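For reference, the structure discussed in these notes is given below.
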Amino acid sequence: VRSRRTFLALHYLRPGNTLKAGEYSFDRPASPLDVLGKLVRGDVSYEVLVIPEGYSRFEIADIVAEQGFAARDEFLWATEEVSLIADLDPLATTLEGYLFPDTYHFPRHARPAAIVQGMVTRFREVYAAWNPAESWRTIRDIVTMASLVEKETSLAEERPTVAAVFYNR
C-alpha cells in the first residue's frame, strides 16, 4: 500500500468491514481496494503440514517443529489436552492415536493448540464416517489396533491380514 491515507479512507468509507488479522501474501501488485478486500475477507496465507500415517505424537511434534509451526515441547504439551476426546475415550492420558494423519493447511504462526484441534477434528470426521456404531470394540481398542497394524505394514492391502493375525492371537 503506497498511501496509508488512501487505504484508511477506503476502509472508513465502508463501515462494517472488519480487517482480519493474519499473514497475507500477494502474488502480483494489487490496488488498495484489492488489498482491503483481501484483509476484510481474511484470505490469510496457509502453510502445508503433512502428517504421515503411523507417526506417534513425538514424531508429529518433530515435523511441526521442523516446519517452524511451533516448538516440539509446546506441541507435545498441547497433545496432553485430553478434554478434546474425553467423550470418546475418558481413559486417555494423551491424544496419541487421535491425531489424524493427513495434509493440513494452517497459518504459519498457528498455535500448537489449533494444530492439535484441527487434527482431532479430522479424526472425529473420519471416525464418524466409518460408522463405529457397528463395532463392538471400544474406540481405544480400535485406535490401539490401528497403531499396531500401521507399525507392522504400511501397505493398505496387507492391513486386514495383519489385523486378523493380531485379533486371532
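Ligands, DNA and RNA aside, I63 has an accessible area near 20 Å² when probed at 1.4 Å. Taking other residues whose beta carbon is less than 14 angstrom from the beta carbon of R159, and scoring Lys, Arg as +1 and Asp, Glu as -1, yields -4. Taking a Cβ cut-off of under 12 Å around H11, the surrounding Lys, Arg, Asp and Glu residues balance to a net charge of +3, with basic ones at +1 and acidic ones at -1. Where in region 148-169 is the amide nitrogen less than 14 Å from a point lying 7 Å along the Cα-to-Cβ axis of S56? Inside the label zone: 148, 151-152. Solvent-accessible area per residue in the chain equals 66 Å², computed with a 1.4 angstrom probe and all protein chains kept.
The trypsin sites (Lys or Arg not before Pro) found in region 1-48 that occupy coil by DSSP, while having at most 15 further C-beta atoms within 10 Å, are R2, K20. Working from label points 7 Å from Cα in the Cα-to-Cβ sense, the R140 to Y24 distance is 4.9 nm. How tilted is helix 159-168 with respect to the longest principal axis of the chain? Cα atoms for both, answer in degrees (0 to 90, nearest 10). So the helix axis and the longest Cα principal axis differ by about 40 degrees. Within the shell of other residues whose beta carbon sits under 13 angstrom from the beta carbon of V1, the net charge comes to +3, with Lys and Arg scored +1 and Asp and Glu -1. Spin-label model, A86/H11: points 7 Å from Cα along the beta carbon direction are separated by 4.0 nm.
The values are calculated or read from the model by the stated rules, or taken from the named source; none is laboratory data. What you see is a predicted model, and the numbers here were worked out from it, not measured in a lab. With ideal geometry, Cβ positions are generated from the backbone for all residues, glycine too; neighbour counts draw on all protein chains shown. To get the accessible areas, we keep the full protein, side chains included, count just its heavy atoms, and leave off ligands, DNA and RNA. Shrake-Rupley method; radii C 1.70, N 1.55, O 1.52, S 1.80 Å.
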